[in-house]
Number of protein chains: 2
Amino acid sequence: MLRSLTFAFVLCAGLLGVSPTLSGTAMANDTRPDYAFAIHGGAGTIERAYLTEKLEAEYREKLLEALTAGQTILADGGSGIDAVIAAIVILEDSPLFNAGKGAVFTNAGKNELDASIMDGRTLNSGAVAGVTRIKNPILLARTVMDQSEHVMMQGKGAEKFARRHGFRMVSSRYFYTERRWLQLQYALEQKTGALQDHDAEKFGTVGAVALDKAGNLAAGTSTGGRTNKLYGRVGDSPIIGAGNYASNASCAVSGTGHGEYFIRATVARDVCAMMEYAGVSLEDAANTVVFKRMGDLGGTGGVIAVDKDGNIAMPFNTAGMYRAAVTAGGDPVIAIFQE
Amino acid sequence: MLRSLTFAFVLCAGLLGVSPTLSGTAMANDTRPDYAFAIHGGAGTIERAYLTEKLEAEYREKLLEALTAGQTILADGGSGIDAVIAAIVILEDSPLFNAGKGAVFTNAGKNELDASIMDGRTLNSGAVAGVTRIKNPILLARTVMDQSEHVMMQGKGAEKFARRHGFRMVSSRYFYTERRWLQLQYALEQKTGALQDHDAEKFGTVGAVALDKAGNLAAGTSTGGRTNKLYGRVGDSPIIGAGNYASNASCAVSGTGHGEYFIRATVARDVCAMMEYAGVSLEDAANTVVFKRMGDLGGTGGVIAVDKDGNIAMPFNTAGMYRAAVTAGGDPVIAIFQE
């Protein structure tokens, strides 16, 4: 049933000239590559008209830097988890993306960050939500995974755990960037409620997925949430199954977009579940979840995904998604728009 | 593949004399009943030796009261969401269960409550985590679902939202019960870290699942978390897909047990996903997820589930699970142990 639905959808999309393959980026392999790696820096209404040549070059340069950091680890036989962490730390440290340094401001003028990581071999996972003084939330998510019996910690408790494990707290001023502050002022003036960052300013969450030489999959996601958010809202990025999932039985997925829809459609897990239970390909599963399951609810965004055979899919139903991918023996692909 | 694995498992379990059907409670229907309803009050090492006749009678009485409250709404043509809420409010107001009034204490001597609800018709959902002054967290989860653009809110932000929507804050003393306080003292003396409540004292999370006359499914879950918990730990109960899920395409599920495993295995969503993508029955899906997918990771607990045809499954891999179920035209079933 699902297979026929998927095929019907792909067929219809092809007839309508909106091939889901071309709207994102898919890399299929005949033989399993030694490793495969993909990253994203957010999906949204990214259009050429709004992106200067200089800024576009900065994005492409930072994406390549993060991709290369992860690729180097994988080529050296390192773990998928290490590659995912290395890339995300670079993206978190850049003011370009809505994670770490570039996090957006809440309604109260604060920065509340979320992150999660998952190991496809063991299904171990770690997540933090609403931390305000952690420079690299993805590193704290990993410590939750490796050093605690818990999967998810939030707020002050998560920061207490961080201090006990040697994390240095940064001042909240570390997260101040003029651009994000102006976004909040704009949102407050417009009284639009919680602006979705990528709708307002075309930038979002970051993430990475990896298949390493040992055949293990890993996924990580990190975000600064939504501009002007209220009420301790938790999005999909720290929710295992929504914004992040990895299982060696199928694939590793990281999502970016309107978090509420990712939660309701359990987007990341469903890509994997569809592969495991319906036996469809990564590309079909990722396209069906993004365009049909989430899209039919009205959700916008995209995912990056890599499967156990080294195939990569990066579908999105927005105008653009900052993304990059590489497999062993291949050239890196860096893309922003639908191309 | 999945089908054959499931069948192989069921076959093996049968040969070993541990029929998964009998270890829980399953009610299969040849014709779809007008409505179906099930509730749970936690799973764990519940054994007759530890339960006095008087206490067992109290549990059975309260389960019947909650079941009847939901059943009455369904029989009158009310919605599954309303039935789920009615039953959970009764369980939250009872000191017998680890939710609402009977919530356990954190390491800091506080009560931090979580709850979630999901509407299978729309996939709308609401969840709150770490609230400390809300008498009935399930009512706040519903207000998040109905009155906000968000799915999940936590901590002080969730309480601020509650106040704006007319919720009266209760004193933290409302949640004091001598029994839970003594459990914390015991845990602190034993220095066992975060005691899993049902391991220590055999009581847990509450939940309800419903199929209403209109054919809509709903699921709700509410908990007081784990005795002596630290670090703002978030369990599975407020995580859509982990402790709670509902979709009219398949089923409605509420879980209880060791939350970290429910998150890693996306237990509630996977029961539904297995039905949708592999085409297996509710009973096979629920058994496979509880006994194999979660059980193989080392996770303990159980689920209650109802599908779109009114079948009910209530598997658990612990000694017992407080549970009750009824379908239109049938007698209520109330059970605690494996029977």
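One residue stands out in the range B:149-169 among those that are farther than 23 Å from residue A:153 by Cβ and at pLDDT 95 or above: the one that is surrounded by the most Cβ atoms within 10 Å (Cβ to Cβ), namely B:167. Of all residues in the range A:286-339, those that are within 16 Å of the chain's Cα centre (by Cα) and among the charged types (D, E, K, R) total 2. Candidates in the range B:10-47 are the residues that are open to solvent by 10 Å² or more (accessible area, probe 1.4 Å) and assigned to a strand (DSSP E or B); of these, the one that is modelled with the lowest pLDDT is B:26. For the range A:226-260, a residue qualifies if it is closer than 24 Å to residue A:124 by Cα and of a type in the set (Ser, Thr, Tyr), and the qualifying residues are A:237, A:245, A:247, A:250, A:254, A:256.
Restricting to the range A:286-339, and then to whatever is among the acidic types (Asp, Glu) and at pLDDT 95 or above, can you tell me which residue is least open to solvent (accessible area, probe 1.4 Å)?
Out of the qualifying residues, it is A:307.
Among the residues of the range B:226-257, those identified as out of contact with any strand residue (DSSP E or B) (no Cβ under 6 Å at 6 or more places or on another chain), within 11 Å of another protein chain (Cβ to nearest Cβ) and buried (at least 24 other Cβ atoms within 10 Å of the Cβ) are B:226, B:229, B:235, B:236, B:239, B:241, B:242, B:247.
Taken together, the residues in the range A:86-101 that are in a helix (DSSP H, G or I) and either crowded, with 24+ Cβ neighbours inside 10 Å or without any contact (Cβ under 8 Å) to a residue 60 or more places away in the chain (or both) amount to 9. In this structure, residue B:222 does satisfy being open to solvent by less than 10 Å² (accessible area, probe 1.4 Å), more than 14 Å from chain A (Cβ to nearest Cβ) and at pLDDT 95 or above.
For residue A:262, the conditions (1) under 27 Å from residue B:281 (Cβ atoms); (2) surrounded by 24 or more Cβ atoms within 10 Å (Cβ to Cβ) all hold with the exception of (1). For the range B:62-84, residues that are of a type outside the set (A, V, I, L, M) and in contact (Cβ under 8 Å) with a residue 60 or more places away in the chain total 7. Filtering the range B:170-197 to residues that are modelled with pLDDT under 85 and part of a loop (DSSP other than H, G, I, E, B) leaves B:191, B:192, B:193, B:194, B:195, B:196.
From the list B:316, B:291, which residue is touching a residue at least 12 places away in the same chain (Cβ under 8 Å) and touching a Gly at 6+ places or on another chain (Cβ under 8 Å)? Please lay out each step first, then the result.
Values: B:291 fails: touching a Gly at 6+ places or on another chain (Cβ under 8 Å).
Only one candidate passes the filter, namely B:316.
Restricting B:276, B:283 to residues that are more than 15 Å from the chain's Cα centre (by Cα), facing chain A (nearest Cβ under 9 Å) and more than 26 Å from residue B:96 (Cα to Cα) narrows the list to B:276. If you go through the range B:105-144 and keep only what is farther than 21 Å from residue A:155 by Cβ, within 14 Å of another protein chain (Cβ to nearest Cβ) and assigned to a loop (DSSP other than H, G, I, E, B), you end up with B:120, B:121, B:122, B:123, B:124. For the range B:113-135, a tally of residues being free of Cβ contacts under 8 Å to residues at least 40 places away in the same chain and of a type in the set (S, T, N, Q) returns 2. Number of residues in the range B:133-147 that are polar (S, T, N, Q) and open to solvent by 30 Å² or more (accessible area, probe 1.4 Å) equals 1.
May I ask you to verify whether residue B:54 is more than 18 Å from the chain's Cα centre (by Cα) and in a helix (DSSP H, G or I)?
yes
Remark: residue B:168 falls outside the filter, which requires a residue to be more than 14 Å from chain A (Cβ to nearest Cβ) and touching a helix residue (DSSP H, G or I) at 6+ places or on another chain (Cβ under 8 Å).
Report yes if residue A:282 is crowded, with 22+ Cβ neighbours inside 10 Å, of a type in the set (A, V, I, L, M) and touching a residue at least 24 places away in the same chain (Cβ under 8 Å), otherwise no. Judged against the criteria, residue A:282 is a match.
The values are calculated or read from the model by the stated rules, or taken from the named source; none is laboratory data. All values reported here derive from a predicted model rather than from experimental measurement. Neighbour counts run over all protein chains shown; Cβ positions are idealised from the backbone, glycine included. The area values use the complete protein model at the heavy-atom level, side chains included, leaving out ligands, DNA and RNA. Shrake-Rupley method; radii C 1.70, N 1.55, O 1.52, S 1.80 Å.
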